[in-house]
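Beneath this line is the structure, given in C-alpha cells, with notes to follow.
The values are calculated or read from the model by the stated rules, or taken from the named source; none is laboratory data. The structure presented is a predicted model; accordingly, all values stated were derived computationally and were not measured. Every residue, glycine as well, gets a Cβ built from its backbone with ideal geometry; the counts of neighbours run over all protein chains shown. These accessible areas exclude ligands, DNA and RNA; they are computed on the full protein's heavy atoms, side chains included. Shrake-Rupley method; radii C 1.70, N 1.55, O 1.52, S 1.80 Å.
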Amino acid sequence: MFYNQLIKLCEENNEKPTPLLRSLGLSATNLKRWQNGSTVNSEILAKLADHFNVPVDYFFQEDDNENEAAITNDANAFQKVYNIFRAHPDNIASFLSGDKIPVYNYEQIVKYLACSDDYLFNKSNSPVIDKSIKPCNNLSAKEYILNIMNKLPANSDYQVMQVKLSYIVINNLKKVGKGKAELIELKLAQKKIDRLYDDTIEDSKKRGLNLSDLNRIVEAFDLSYDFLFTGK
C-alpha cells in the first residue's frame, strides 16, 4: 500500500524514486524493503509527505485498482490500521472512540448549525444521545463538532452523524465554488469523497470527513471552521 502510493506520487510529479530518496537523505535500499511490505517509520513519512505536500495518511489510502472486496476484507482493514499505528506509535492514544453525546451538547450543536433536531439522527430513540453523560460546558458547539469529527465511530448512528456533518461542510463549500474535484486535489481520500458525493449510497455505508481533512480544507481555501459549519 505505502510503496504503491509512493510510486504513484513519483509518477505524478515526474520524479524517480531512487534520486528522490537520496535527495531527502534516505537510503535507496528502503524501496525494496517497502515493496516487500516492510513498514515505514514516522520520520520518513513526514519527510515524504512534506515533499509531496500531501497528508501522511495519503500513503495508506487504498490503491485505485483495489476492488470493493479488498476494502471490506476485515484482515486487510486491520493490517492497514496496524501499519499506521506502527508508523505513529506516539499518536495511538489520540484515536478516541465516539459513541455517545450529552443531550446538552447535542442541542448546542443543533442551534449552532441552525438545523432541525432530527437532522443528524432521530433524537427520540438514538443510542447516541445519552442523558446520563455529563455535558462538556467548557466546549463551544464548534469545538464539540471538531471533537466529534476527530473520533472513530463506535456505532452506525455516530458514523451517520459524522457523514451528515460532512454534508453541511460540502454544501457550504459550494458557496465558494469548491466541490468534489477541489477536495480530491487536496489529496483527501478519493474513495471517501466519491462516496460522500454519491446520493445512491446509503449514509451508513459512507465515512465522514475527519479533523485532518477539515484542517487541509481551511488552510487550502483560507476559510474558517465557522464558515464550514454555518456558511457564515
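Can you tell me which condition PRO153 does not meet? The list is (1) modelled with pLDDT of 90 or more; (2) of a type outside the set (S, T, N, Q); (3) surrounded by 15 or more Cβ atoms within 10 Å (Cβ to Cβ), and all the others hold.
In the conditions (1) modelled with pLDDT of 90 or more; (2) of a type outside the set (S, T, N, Q); (3) surrounded by 15 or more Cβ atoms within 10 Å (Cβ to Cβ), PRO153 misses (1) alone.
What's the total number of residues in region 205-217 that are of a type in the set (Ser, Thr, Tyr) and open to solvent by 60 Å² or more (accessible area, probe 1.4 Å)?
Here is the first cut: in region 205-217, the ones of a type in the set (Ser, Thr, Tyr) are 212.
Applying the additional criterion that residues be open to solvent by 60 Å² or more (accessible area, probe 1.4 Å) yields none.
Going through region 205-217 one residue at a time, the tally reaches 0.
Each row is one residue, and each column tells you yes or no for (1) out of contact with any Gly (no Cβ under 9 Å at 6 or more places or on another chain); (2) surrounded by 16 or more Cβ atoms within 10 Å (Cβ to Cβ).
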| position | (1), (2) |
| --- | --- |
| ASN138 | yes, no |
| GLN159 | no, yes |
| LYS164 | no, yes |
| VAL176 | yes, no |
| ALA181 | yes, no |
| LEU186 | yes, yes |
| ASP194 | yes, no |
| ASP199 | yes, no |
| ASP203 | yes, yes |
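In the list LEU173, LEU186, which residue meets the criterion of being closer than 21 Å to ILE109 by Cβ and either touching a helix residue (DSSP H, G or I) at 6+ places or on another chain (Cβ under 8 Å) or among the acidic types (Asp, Glu) (or both)?
Working: LEU186 fails: closer than 21 Å to ILE109 by Cβ.
None of the other options fit; the residue is LEU173.
Can you name every one of the helices (runs of 4 or more DSSP H) wholly within region 1-82 that holds 1 or more residues which are at pLDDT below 75, out of contact with any Gly (no Cβ under 8 Å at 6 or more places or on another chain) and of a type in the set (A, V, I, L, M, F, W, C)? Give the steps one after another, and end with the answer.
Numbers: elements: 2-12, 17-23, 30-35, 42-52, 68-72.
The helices (runs of 4 or more DSSP H) meeting that bar are 68-72.
Between a first residue in region 25-43 that is without any contact (Cβ under 8 Å) to a residue 40 or more places away in the chain and a second residue that is open to solvent by 30 Å² or more (accessible area, probe 1.4 Å) and aromatic (Phe, Trp, Tyr), which pairs have beta carbons less than 6 Å apart while being 6 or more apart in sequence or on different chains?
TRP34/TYR3; GLN35/TYR3
Just for region 21-40: of the residues that are loosely packed, with under 13 Cβ neighbours inside 10 Å and closer than 16 Å to PHE60 by Cα, which one is farthest from the chain's Cα centre (by Cα)?
ASN36
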